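A quick write-up on the structure given underneath.
The values are calculated or read from the model by the stated rules, or taken from the named source; none is laboratory data. Quick caveat: nothing in here was measured; it's all calculated off a predicted structure. Virtual Cβ from ideal backbone geometry, glycine too; neighbours counted across all protein chains shown.
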Amino acid sequence: MSNPLGEVLARLDTVRELASVVTAMRGIAAARTREALARLPGIRACAEQIGDAIADAMTLALPPSAPHVPISAPSTEARIVVVIGAEQGFVGTFNHRVMQAAQTPSAGSVEYFVIGDRARLIAAQSGLPVAWSAEMVVHADAVPDLAARIVNALYGRLQDGNISRVAIVHGASQSVGGAAITTTSLLPFDFRRFKPVNRPFPPRTTLPTRQLLERLTEEYVYTQVCEAIVLSFAAENEARMRAMIVARRNIDETAQRLTRDSHRLRQEQITAEIIELSTIDSRFAQ
């Protein structure tokens with residue numbers, strides 16, 4: 001014989017345990033978001049220093065009217081899109097939005113470098129040509145290693161000489177609403193963003209100009225990739241926090257409903273027992 005009250009109480013215990021898990025996941029996501037955003041000032045300061053070095057190199061060795069671009073864009077329209085998604089679940093529509101933003105119309109062929117296991121699954125379901133993939137970081141300390149892997153894979157592919165453009169698509173955290181999706185062009189490298197600086201004591205260089213600019217460009221691209229990973233990692237965890245907030249709200253509503261049901265069933269059980277005892281007393285009185 002089933003015990004409705006026992007079943008409701010057992011389910012209520014399960015819901016309360018689930019609430020504890022959801023609260024813990026929300027706390028972890030919040031901590032990882034803060035951890036990621038704390039890395040941004042250092043990354044941006046590094047990028048600024050490299051940018052100043054590029055400007056100095058251009059000022060010292062290159063005519064202002066015709067700056068040299070060490071990584072030229074071939075005539076083909078083939079391009080690479082680096083997509084940074086989430087490695088783990090419970091992020092709502094975050095991965096779908098990132099992959100949708102990456103699928104822009106193009107006249108030429110497109111290869112996708114996909115970061116994140118969940119994003120890779122969505123890319124496979126969409127039939128996108130994934131040329132390279134890697135796991136997304138789960139801690140901010142792993143950002144430099146992942147960025148190095150991405151940059152090495154990119155430059156390894158660029159050696160073939162048939163790629164004209166490289167872009168990176170990633171999430172960016174924001175305080176209101178869902179995560180913003182950002183697309184940044186990595187290559188061809190835009191030297192116009194660096195303004196020449198006249199210094200009273202210009203720095204000395206020991207490398208040939210072309211080699212110096214190529215190395216500085218690679219370092220700057222590396223910092224851009226690091227920043228994209230950090231921003232996407234923060235956005236992923238913000239999306240997870242929002243999902244946990246919604247889940248906790250639903251859990252609280254379910255717990256309230258189960259509590260009301262348990263009170264009603266307990267009252268019905270007590271009433272039934274009183275009626276049964278009254279019936280027994282009546283039989284003995286006769």
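May I ask you to list pairs of residues, at least six apart or on different chains, whose Cβ atoms are under 6 Å apart, with the first in region 196-224 being farther than 30 Å from Leu146 by Cβ and the second being in a helix (DSSP H, G or I) and of a type in the set (Gly, Ala, Ser)? Taking only residues 6 or more apart or on different chains, the pairs are Pro196/Ala55; Val197/Ala55; Thr209/Ala61.
Looking across region 134-181, just one residue is free of Cβ contacts under 8 Å to residues at least 24 places away in the same chain and in contact with a Lys or Arg (Cβ under 8 Å, 6 or more places away or on another chain), and that is Ala134. Of the residues making up region 1-36, those that are within 30 Å of Gln267 (Cα to Cα), touching a helix residue (DSSP H, G or I) at 6+ places or on another chain (Cβ under 7 Å) and among the aliphatic types (A, V, I, L, M) number 7. When Ala86 is tested against (1) surrounded by 15 or more Cβ atoms within 10 Å (Cβ to Cβ); (2) of a type in the set (A, V, I, L, M); (3) in a loop (DSSP other than H, G, I, E, B); (4) modelled with pLDDT under 90, exactly one condition is not met: (4).
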